[in-house]
1. Scan the stretch 44-74 residue by residue and report those that are among the β-branched types (Val, Ile, Thr), in contact with a helix residue (DSSP H, G or I) (Cβ under 8 Å, 6 or more places away or on another chain) and farther than 14 Å from ASP28 by Cα.
2. Would you be able to tell me the number of residues in the stretch 3-31 that are at pLDDT below 70, assigned to a loop (DSSP other than H, G, I, E, B) and over 20 Å from THR51 (Cα atoms)?
3. Which of the residues that make up the stretch 32-85 are open to solvent by less than 30 Å² (accessible area, probe 1.4 Å), closer than 20 Å to GLU16 by Cα and assigned to a helix (DSSP H, G or I)?
4. Tell me which residues, restricted to the stretch 47-59, are aliphatic (A, V, I, L, M) and within 16 Å of ARG83 (Cβ to Cβ).
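The values are calculated or read from the model by the stated rules, or taken from the named source; none is laboratory data. Keep in mind it's a predicted model, so treat the numbers as computed, not measured. In this analysis, Cβ positions are derived from the backbone assuming ideal geometry, glycine residues included, and neighbour counts consider all displayed protein chains. Accessible surface areas use protein heavy atoms only, side chains included; no ligands, DNA or RNA. Shrake-Rupley method; radii C 1.70, N 1.55, O 1.52, S 1.80 Å.
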Amino acid sequence: MSAAEYANAIVFTLKEVCEARGVPVLRDVSLTVPDTSITAVIGPSGTGKSTLIRCINRLVEPTSGEIFFRGIDVTRLGRRELRETRRRIGMVF
């Protein structure tokens with residue numbers, strides 16, 4: 001992937017996301033999705049699919065790691081910028 005393609009991709013890197021009661025849900029997950037592609041996350045119940053999706057748009061706050069969308073670090077966005085960024089991310093649960 002070229003630098004330009006990388007900057008325009010959704011880049012998702014996450015380590016140790018915790019949900020209720022401090023139980024780690026996702027560990028060492030890295031995902032790169034090219035711009036304008038459609039990607040499905042599938043797997044058995046309870047494996048963290050919904051948590052992964054919720055972390056991408058910060059409905060669940062990651063305890064560490066990075067989330068990039070089109071070159072923007074989503075973990076560093078304020079409320080207004082996050083709301084604007086969420087409008088550009090399509091997700092179906």
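1. Let us first name the residues in the stretch 44-74 that are among the β-branched types (Val, Ile, Thr), namely 47, 51, 53, 56, 60, 63, 67, 72, 74.
Of the ones still in play, those that are also in contact with a helix residue (DSSP H, G or I) (Cβ under 8 Å, 6 or more places away or on another chain) are 56, 60, 67, 72, 74.
Residues satisfying the conditions are ILE56, VAL60, ILE72, VAL74.
2. 1
3. Correct list: THR51, LEU52, CYS55, ILE56, VAL74.
4. From the stretch 47-59, those aliphatic (A, V, I, L, M) are 52-53, 56, 59; that's our starting set.
If the condition is that a residue be aliphatic (A, V, I, L, M) and within 16 Å of ARG83 (Cβ to Cβ), then ILE56, LEU59 are the ones that fit.
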